[in-house]
Amino acid sequence: MENIIKDIDIISAEEAQACDFKTTVEENTGKSKKLYIESYGCQMNFSDSEIVASIMKDNGFDTTSEFEQADVIFLNTCSIRDKAEQTVRKRLTQFNTIKKERPELTIGVLGCMAERLKEKLLEEEKLVDVVVGPDAYRDLPNLVSQAEEGSKAVNTFLSREETYADIAPVRLNSNGISAFISIMRGCDNMCSFCVVPFTRGRERSRDPHSIVKEAQQLFDQGYKEVTLLGQNVDSYKWSAEENNKARLNKKEEVSNIVNFANLLEMVAVISPELRVRFSTSHPKDITDEVLYTMKKYDNICKYIHLPVQSGNSRVLDLMNRTYDREWYLERVSKIREILGEECGISSDMIAGFCTETEEEHQDTLSVMDIVKFDFSYMFYYSERPGTLAAKKFVDDIPLEIKKRRLQEIIDKQSKLSLERNLLDVGKIQEILVEGTSKRSKEQLKGRNSANKVVIIPAGNLKAGEYAKVKITDCTPATLFGEVVA
Ligand code: SAH
Ligand code: SF4
Ligand code: F3S
């Protein structure tokens, strides 16, 4: 399938599930022990690994990029689809061989799979020593000590408050230009296919002051782009009264309720030189206020990840997405009205959800045609134990049909991506240079506001600089340009 280009945003189900991320920052500050972390799943998980590294650093661990040198190996895992869990199990078997040679090695499973399986993971995967859910990372040093003393350790307590607001993440996989900031945790939506509400717990928003402080510090360190992360950023909500009674008692300045639009603005005003992105937006919650705030600030990037999942209202209802096709299309019209044609819109799509008919699948293809997504993450439905869909519906679409429908979605997206990219050819756009291109040292890679990768000749530019670029050519996944004066 030559039209599926890995690493550039058109991702087939298999490839997306195989994505992983390893400790790439070797930190040697003379600490006595070494930690190696490998992360799977979404950006929020990668962000959590940076919090984990920070907690471990304060407890005597440097990070290493070589697992052979590690005293502790953590796998920060994902449960979103069955394949994601299988990948982790395979990796654990590989680590088994090292553990046999070095029994003193501690192996921990963190994240969503840990939360989903809890103690069962210790029974299933005998070599695992520590199992820790997403809200229990402060307990890691203690749990690792217990494991070192020979007893297996588990903490999968889910919190209603934990946001790790006070922990300064160790940037593990950063280019020094872009960083991710978690603004909330958990999810209160109950999309029937989704395991996240079970693995991540209740939705809670992080203190906006700590978010702004983190963004400011990143900017002071030379970062030029921050991405605000949450499963549903549009429902971000923080109030001094509810979220932080301590602050209230101290009679400090108390702000009213801060919603996502307010937060975006608070981060955007740090500097016009700091780009602000966010993900993920939920079609039921994205407000006009957010769109107008995006319009008001040039440095808030004109790009929205707005997963539709399906283009058919009956299927959306079964998925419990709480919007229908018309609602989704109205939100897209509003984006176009306020932010114009150039605003990037991307989506997630699930092929072959329970009882989906051929006609309903066609509705997904037609919604894609109407919206013209710039790119999408595309999957076929994978039943997850414990979810509403697993309890209420039969996973009745045969695998071959799911795969065929998914391929049709992928092919459609590839055409649309090319169509959308062709519209950029001839235009002059501002890009933020992120580094050298993977293919050639003579080329630089940057991104435009709509989140598209733009390749330019290296010239005199450096990573972290902005450049005005004329787009000269494109593929479905990449734009090519040259710098204009
Ligand atoms: N909070 C985000 C999605 C997070 S999960 C949102 O609401 O859009 C990322 C994507 O994985 C989802 O958008 C969905 O397309 C996909 N996904 C989730 N559960 C799935 C399942 N059981 N089978 C296949 N894909 C799934
Ligand atoms: Fe899952 Fe839905 Fe929450 Fe997204 S909004 S994380 S799909 S339950
Ligand atoms: Fe996976 Fe958990 Fe993220 S299930 S997608 S790592 S929230």
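The values are calculated or read from the model by the stated rules, or taken from the named source; none is laboratory data. Bear in mind the structure is a predicted one, so any value in this text is a computation, not a measurement. Glycine gets a Cβ as well: all are built from the backbone with ideal geometry, and neighbour counts include every protein chain shown. In case anyone asks, the SASA skips ligands and DNA or RNA and just uses the protein heavy atoms, side chains included. Shrake-Rupley method; radii C 1.70, N 1.55, O 1.52, S 1.80 Å.
Numbers for the structure displayed
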| item | result |
| --- | --- |
| Residues (at positive phi and either of a type in the set (F, W, Y) or within 15 Å of ligand 2 (Cβ to nearest atom) (or both)) located in the range 181-222 | G186, G201 |
| Answer from E50, E104 - the residue that is in contact (Cβ under 8 Å) with a residue 24 or more places away in the chain, within 16 Å of P134 (Cα to Cα) and more than 16 Å from ligand 1 (Cβ to nearest atom) | E50 |
| Answer residue from the range 339-361, given it is open to solvent by 10 Å² or more (accessible area, probe 1.4 Å) and aliphatic (A, V, I, L, M) and is farthest from G311 (Cα to Cα) among those | L339 |
| Condition check for N173: open to solvent by 70 Å² or more (accessible area, probe 1.4 Å), not aromatic (F, W, Y) and not in a loop (DSSP other than H, G, I, E, B) | no |
| Count of residues meeting criterion [modelled with pLDDT of 95 or more and within 17 Å of P476 (Cβ to Cβ)] in the range 437-456 | 9 |
| Helices (runs of 4 or more DSSP H) wholly inside the range 325-431 that include at least 1 residues being under 30 Å from I456 (Cβ atoms) and within 23 Å of the chain's Cα centre (by Cα) | 325-339, 358-371, 399-424 |
| Output for the range 119-135, where each listed residue is touching a residue at least 12 places away in the same chain (Cβ under 8 Å), over 23 Å from the mean Cα position of the chain (by Cα) and within 21 Å of P385 (Cβ to Cβ) | E119, L121, L122, E125, V128 |
| The range 285-309: number of residues that are touching a Lys or Arg at 6+ places or on another chain (Cβ under 8 Å), without any contact (Cβ under 8 Å) to a residue 60 or more places away in the chain and within 16 Å of ligand 2 (Cβ to nearest atom) | 2 |
| Test: residue in the range 410-417 that is among the hydroxyl-bearing types (S, T, Y) and assigned by TED's automatic domain parsing to the domain that holds N320 | yes |
| Condition met for G435 (assigned to a strand (DSSP E or B), out of contact with any His (no Cβ under 9 Å at 6 or more places or on another chain) and either surrounded by 20 or more Cβ atoms within 10 Å (Cβ to Cβ) or assigned by TED's automatic domain parsing to the domain that holds L306 (or both)) | no |
| Matching residues in the range 75-105 - criterion: being within 30 Å of S192 (Cβ to Cβ) and open to solvent by 60 Å² or more (accessible area, probe 1.4 Å) | D82, K83, Q86, R89, K90 |
| Filter result (buried (at least 19 other Cβ atoms within 10 Å of the Cβ), part of a strand (DSSP E or B) and out of contact with any Lys or Arg (no Cβ under 6 Å at 6 or more places or on another chain)) within the range 26-74 | K34, L35, Y36, I37, S39, Y40, T63, V72, I73, F74 |
| Helices (runs of 4 or more DSSP H) wholly inside the range 106-157 that include at least 3 residues being within 16 Å of ligand 3 (Cβ to nearest atom) and open to solvent by less than 20 Å² (accessible area, probe 1.4 Å) | 111-117 |
| Sole exception among (1) closer than 27 Å to N28 by Cα; (2) touching a Phe, Trp or Tyr at 6+ places or on another chain (Cβ under 6 Å); (3) not charged (D, E, K, R) for S145, by number | (2) |
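One line per residue, one yes/no per condition, for (1) open to solvent by less than 60 Å² (accessible area, probe 1.4 Å); (2) farther than 27 Å from G41 by Cβ:
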| site | (1), (2) |
| --- | --- |
| E330 | no, yes |
| D363 | yes, yes |
| G386 | yes, no |
| F393 | yes, no |
| L399 | no, no |
| R405 | yes, no |
| L416 | yes, no |
| N421 | yes, yes |
| K427 | no, yes |
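Here is a yes/no grid of residues against (1) at pLDDT 95 or above; (2) polar (S, T, N, Q); (3) assigned by TED's automatic domain parsing to the domain that holds P385:
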residue	(1), (2), (3)
N3	no, yes, no
I8	no, no, no
C19	no, no, no
T24	no, yes, no
L35	yes, no, no
S65	no, yes, no
E68	no, no, no
